[in-house]
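Single-structure report; data block below.
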Amino acid sequence: MPIDRPKHRFAMLLAVLAWLFMAHPYEGLRHDGVLYFGQALLHSTVPVLSQDVFFSGGSQDQYSIYAHLMVPLYEHLGRLSTHVGVLMCSWLLMAGAVLRLLRRFEPSGPLPYWGLFAYTVMSPIYGGGWVFSYGEAFVTARTFAEPALLWSLAALMDDRRRVAVGLQVLAAFFHPLMTLPVIVLSWCFLAESDRRWLWLLLSIPAALLVALAGIPPLDGLLKTYDPYWWSVFDINNHHLILGNWNLHDHLTVLLDVAVLLAVTRLRPTDIWTRLIYAAVITTVAMLALTAIGVDLLHAVLLTQLQLWRAHWVSHLMAMALAPWLVARLWSMDGLWKASACALGLALLNSHIGLEHGVATLLLWGLCSLLAWRTSHVTRVTVMLACSGILIGLLGLTAYQLDAVVEQQSWELPGEWFASAVKIMAFPTIAFSAFAALLHLARWRRAGAGLAAVVSGLLLCLSLAHWDQRTDLARAIESPAERPHPFSDLVPDRATVYWPNQLIPVWGLLERASHYSEQQGAGVLFNRQTALIYAPRRETYRPIRDDRERCRTGAQFTRNRKALAHCDMPTNERLVTLCSQPDPPDFLVLVDRLKPEPLATWTLPQRRDVPQTFALYACSQLTRPES
C-alpha cells in the first residue's frame with residue numbers, strides 16, 4: 001500500500017513531531033539564548049545592563065532586529081510563552097522547509113518522511129567544539145533566520161528568485177552571519193546554470209577598494225587582531241578557529257561532504273545535484289578562507305564573519321539525504337550492502353561524537369572501494385560483512401545507551417521516563433521504531449489509523465515531558481516574585497557575582513554581572529570588551545579551577561548533592577576576591593558564610609536538590625571582624 005495517501009502522511013508526520021520533541025527537550029534559557037535575552041532586557045526594562053562587561057564595549061545587536069521584535073512579545077505574552085511559541089513556530093517552519101526540499105528530491109515514496117525523520121533525530125551539531133547546532137532548543141536570532149533561509153532555498157529551486165531574495169534579506173535582518181553562506185550558496189547554484197552570474201566576482205575587488213577607503217564595516221578586512229586581543233579571543237572563543245577544532249570536528253565535515261558527493265554520483269544530474277554541488281563548494285571555500293584569513297592572517301572582519309558557519313547547510317542536507325543514500329547503497333548488488341552498513345556506522349559514530357571517526361570513515365571507504373572494484377561476490381561474503389558491521393553498530397548503541405541510563409539515574413533519580421525518552425530518541429532505536437510505524441501504516445485498511453493513534457500517543461507523552469528545565473531556569477522564565485527579593489538591597493548600578501551564572505543576575509536581579517564566562521563571547525567583536533574581561537577572568541581563575549576539580553570528583557563519585565554545591569567558592573577565595581582592586585559589589589551564594597547574609601531566597605523546588613541562596617555585600621567579607 002503506498003505511503004502517499006493522506007492518512008499515511010498524517011501518521012508519519014505525527015511520528016516525526018513526536019520524535020522532534022523527544023530529541024530536543026526544552027531546558028530554558030541557555031547558551032547564546034542568554035546573551036540574546038540580555039539584549040532584549042537592555043532595550044526594554046533593564047537599561048543598567050549597558051554597564052555589564054558584555055555590553056559595555058558594544059554588542060552586535062545593532063546588526064539584528066531580534067531584540068526590537070522580542071521586547072513587545074515579552075511585554076504581551078511573557079517570557080515563557082514567547083520562548084515556547086517562537087521555538088515551536090520555528091521548528092515547524094524548518095520541518096516544513098525540509099519536507100518541501102525533499103519532495104523536490106523525490107516527489108513520491110517514503111524518502112521525504114525518512115529524510116525529515118533523520119533531520120529530526122540525527123545530531124544537528126556543526127562546526128567545531130560541539131558548540132553550535134541548527135534548530136536549537138532555545139531562542140536566538142538564529143531561530144528566526146534558519147527557517148527563512150531554508151524556505152529561500154526551496155523558493156530558489158522553484159525558480160522564484162524574488163521570493164528567495166526577500167527571505168534571505170529577512171533572515172539577514174535577524175542574523176547576517178547565518179545568511180551570508182546561504183547567499184554564497186545561492187550564487188553558486190545560479191552560476192552553475194548561467195555563467196553571467198560570475199560577474200558578481202567583481203564585488204571582491206570592489207570590497208577591497210571600500211576597505212582601503214576605510215569605510216566600515218569592510219575596513220575590518222585590512223585590520224588584524226593585535227597579539228593581546230587575539231590571545232584573549234583564542235582562550236574564550238577557541239572553537240571559532242579551525243586550528244583549535246579536534247579531529248572529530250574535521251571528520252564530521254569530511255563525512256558530510258562525502259555523503260553529499262556520493263548522492264550526486266548515484267542520481268541523475270538535476271536541480272538537486274546542482275544545489276548539492278553549490279553547498280559543497282560553499283562549505284569547502286569558506287572553510288579554506290577561514291583557515292587563511294583567521295588562523296593565518298588573524299583578519300578582524302573575516303574572523304567576525306565566522307565563515308565556517310557555511311557547514312550548517314551542508315550538514316543539514318547530509319543528514320536529511322543520508323536515509324536515501326543508505327537505502328540506495330543497500331539496493332545495489334555485491335558489497336554495496338556492506339557499504340550501506342558501514343555508512344550507518346559512520347553516521348552513528350558522528351552523532352555520538354566518539355573518537356572512532358577515522359576507523360568508521362575508512363571502513364565505509366574500503367567497503368565502497370571493494371564494492372566498486374569487485375563485480376562478483378557470494379551472498380555468504382556479503383552476509384558476513386554486513387553482520388560484522390551491524391554487530392559493531394549494535395555494540396556502539398549499547399555502549400552509549402548504557403552511559404545515558406547510568407548518567408540519568410544519578411543526575412535525576414526517580415525520573416525513569418526521562419531515561420526512556422532519551423533511549424527512544426537515540427537514532428538506532430528511533431529509526432527502528434519509525435520503520436515499525438511505517439510498516440504498520442501499510443498494514444491493511446486499519447493500519448494507517450492505528451499508526452496515527454500510536455504516533456499521537458507518543459506525541460502526547462513527549463510533549464508532557466518536553467519541559468526539562470532546572471528549577472532556576474523555571475524561576476527566571478516564570479518569576480514568582482517581581483521584583484526579586486534581593487533587588488531592593490542591590491543598587492541599580494551595582495555589580496553582582498553569582499558563581500557560574502549570568503542569566504539570573506540579568507533576568508532575576510536585573511543588574512550587571514561582575515563576571516561570567518559567557519561574557520567572554522563579546523571579546524570576538526570588541527577589543528574594549530577584551531580589555532575589561534581578561535583581567536577579571538584571571539582574577540576568577542582560582543575559583544574556576546576549584547569548581548572544575550569539584551565537579552570532576554562529584555561526577556566520579558556520582559554524588560548529586562556535592563555536584564550542586566560545586567558552584568560555592570571557599571571562604572578564602574571569596575575574601576581574596578573581595579580584596580581585589582576591582583571587586584564585585586555583591587555576591588549571591590548557594591551556602592551561607594560566617595557573616596549574616598543581607599537576605600536569603602529559597603528557590604521553588606520541583607525537580608532539583610533544594611537550594612537556598614544568600615546575598616552578601618563584598619564589604620562584609622573584608623571587614624576585620626569577619
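The values are calculated or read from the model by the stated rules, or taken from the named source; none is laboratory data. Note that the structure is a prediction, hence the values are computed from the model and not measured. Counting neighbours? That spans all protein chains shown, and the Cβs are built from the backbone with ideal geometry, glycine included.
Hey, can you tell me all the residues within segment 488-515 that are small (Gly, Ala, Ser) and buried (at least 24 other Cβ atoms within 10 Å of the Cβ)?
Of everything in segment 488-515, those that are small (Gly, Ala, Ser) and buried (at least 24 other Cβ atoms within 10 Å of the Cβ) turn out to be Ala512, Ser513.
Could you list, in sequence order, all residues of segment 268-299 that are under 25 Å from Ser59 (Cα atoms), in contact with a Phe, Trp or Tyr (Cβ under 6 Å, 6 or more places away or on another chain) and either buried (at least 22 other Cβ atoms within 10 Å of the Cβ) or hydroxyl-bearing (Ser, Thr, Tyr) (or both)?
Hit for segment 268-299 is Thr290, nothing else.
Pick from Val163, Val182: which is under 20 Å from Tyr277 (Cα atoms) and either in contact (Cβ under 8 Å) with a residue 60 or more places away in the chain or assigned by TED's automatic domain parsing to the domain that holds Phe144 (or both)?
Val182
Applying the selection to segment 367-385, what residues are of a type in the set (A, V, I, L, M) and surrounded by 19 or more Cβ atoms within 10 Å (Cβ to Cβ)? If you could, list the steps in order and put the result at the bottom.
Of segment 367-385, the ones of a type in the set (A, V, I, L, M) are 369-371, 377, 380, 382-385.
Selection gives Ala371, Ala385.
Say whether the condition of being of a type in the set (S, T, N, Q), within 17 Å of the chain's Cα centre (by Cα) and modelled with pLDDT of 95 or more is met by at least one residue in segment 150-160.
Looking for residues that are of a type in the set (S, T, N, Q), within 17 Å of the chain's Cα centre (by Cα) and modelled with pLDDT of 95 or more, one finds none in segment 150-160, hence no.
So which residues in segment 222-274 are of a type outside the set (A, V, I, L, M, F, W, C) and closer than 18 Å to Thr360 by Cβ?
Within segment 222-274, Asn246, His248, Asp249, His250, Thr252, Asp256 meet the criteria.
Looking only at segment 583-597, count every residue that is over 37 Å from the mean Cα position of the chain (by Cα) and either surrounded by fewer than 17 Cβ atoms within 10 Å (Cβ to Cβ) or modelled with pLDDT of 90 or more (or both) and tell me the total.
Taking segment 583-597 first, the residues over 37 Å from the mean Cα position of the chain (by Cα) are 593-597.
Still in the list and also either surrounded by fewer than 17 Cβ atoms within 10 Å (Cβ to Cβ) or modelled with pLDDT of 90 or more (or both): 594-597.
Residues in segment 583-597 being over 37 Å from the mean Cα position of the chain (by Cα) and either surrounded by fewer than 17 Cβ atoms within 10 Å (Cβ to Cβ) or modelled with pLDDT of 90 or more (or both): 4 in total.
Any residue in segment 294-310 that is farther than 19 Å from Ile125 by Cα sitting within a Cβ distance under 7 Å of a residue that is surrounded by 23 or more Cβ atoms within 10 Å (Cβ to Cβ) and polar (S, T, N, Q)? List the pairs, counting only those 6 or more apart or interchain.
Every condition considered, the pairs that remain are Val294/Thr303.
Answer yes or no as to whether Thr283 is under 26 Å from Glu106 (Cβ atoms), among the β-branched types (Val, Ile, Thr) and not in a helix (DSSP H, G or I).
Judged against the criteria, Thr283 is not a match.
Give the residue that is surrounded by the fewest Cβ atoms within 10 Å (Cβ to Cβ), with candidates limited to residues of segment 443-487 that are touching a Lys or Arg at 6+ places or on another chain (Cβ under 6 Å) and either assigned by TED's automatic domain parsing to the domain that holds Pro597 or modelled with pLDDT of 90 or more (or both).
Filtering segment 443-487 for residues that are touching a Lys or Arg at 6+ places or on another chain (Cβ under 6 Å) and either assigned by TED's automatic domain parsing to the domain that holds Pro597 or modelled with pLDDT of 90 or more (or both), the one surrounded by the fewest Cβ atoms within 10 Å (Cβ to Cβ) comes out as Asp471.
So, Ala18, is that one touching a residue at least 40 places away in the same chain (Cβ under 8 Å) and over 30 Å from Arg444 (Cβ atoms) or not?
no
What do you reckon, is Val169 surrounded by fewer than 17 Cβ atoms within 10 Å (Cβ to Cβ), in the same structural domain as Leu69 (by TED's automatic domain parsing) and either touching a Leu at 6+ places or on another chain (Cβ under 6 Å) or farther than 26 Å from Thr290 by Cβ (or both)? Before you say what the answer is, go through the steps one by one.
Values: surrounded by fewer than 17 Cβ atoms within 10 Å (Cβ to Cβ): yes; in the same structural domain as Leu69 (by TED's automatic domain parsing): yes; either touching a Leu at 6+ places or on another chain (Cβ under 6 Å) or farther than 26 Å from Thr290 by Cβ (or both): no.
No: the conditions fail for Val169.
Whether any residue in segment 259-276 is closer than 29 Å to Val98 by Cβ, in a helix (DSSP H, G or I) and under 19 Å from the mean Cα position of the chain (by Cα) is what I want to check.
Taking segment 259-276 as the starting set, the residues that turn out to be closer than 29 Å to Val98 by Cβ are 259-276.
Then drop every residue that is not in a helix (DSSP H, G or I), which leaves 259-265, 271-276.
Within this subset, residues satisfying the condition of being under 19 Å from the mean Cα position of the chain (by Cα) are none.
Looking through segment 259-276, none of the residues is closer than 29 Å to Val98 by Cβ, in a helix (DSSP H, G or I) and under 19 Å from the mean Cα position of the chain (by Cα).
I need a count of the residues in segment 464-503 that are touching a residue at least 40 places away in the same chain (Cβ under 8 Å) and more than 25 Å from Met88 (Cβ to Cβ).
Total meeting the criteria: 17.
Under 6 Å by Cβ, and 6 or more places apart or on different chains, what pairs join a residue from segment 26-39 that is in contact (Cβ under 8 Å) with a residue 24 or more places away in the chain and more than 14 Å from Arg511 (Cα to Cα) with one that is among the charged types (D, E, K, R) and assigned to a loop (DSSP other than H, G, I, E, B)?
Between residues of segment 26-39 that are in contact (Cβ under 8 Å) with a residue 24 or more places away in the chain and more than 14 Å from Arg511 (Cα to Cα) and residues that are among the charged types (D, E, K, R) and assigned to a loop (DSSP other than H, G, I, E, B), the close pairs are Glu27/Arg469; Gly28/Arg469.
For the subset of segment 345-366 comprising residues that are small (Gly, Ala, Ser) and buried (at least 23 other Cβ atoms within 10 Å of the Cβ), which member is farthest from Leu266 (Cα to Cα)?
This residue is Ser350.
Say we look at segment 554-582 and pick out the residues that are more than 28 Å from the chain's Cα centre (by Cα) and at pLDDT below 90; which of these is farthest from Arg592 (Cα to Cα)? Give the steps one after another, and end with the answer.
Step one: of segment 554-582, the residues more than 28 Å from the chain's Cα centre (by Cα) are 557, 559, 561-562, 568-582.
Going one step further and asking which of them are at pLDDT below 90, we end up with 557, 559, 561-562.
Values: Thr557: 25, Asn559: 21, Lys561: 16, Ala562: 16 Å.
The selected residue is Thr557.
Name every residue in segment 83-111 that is surrounded by 20 or more Cβ atoms within 10 Å (Cβ to Cβ), free of Cβ contacts under 8 Å to residues at least 60 places away in the same chain and not hydrophobic (A, V, I, L, M, F, W, C), in order of residue number.
Ser90
Which fully enclosed helices (runs of 4 or more DSSP H) of segment 351-441 have 1 or more residues being closer than 30 Å to Ala464 by Cβ, of a type in the set (Gly, Ala, Ser) and at pLDDT below 95?
Qualifying helices (runs of 4 or more DSSP H): 379-411, 416-425, 427-441.
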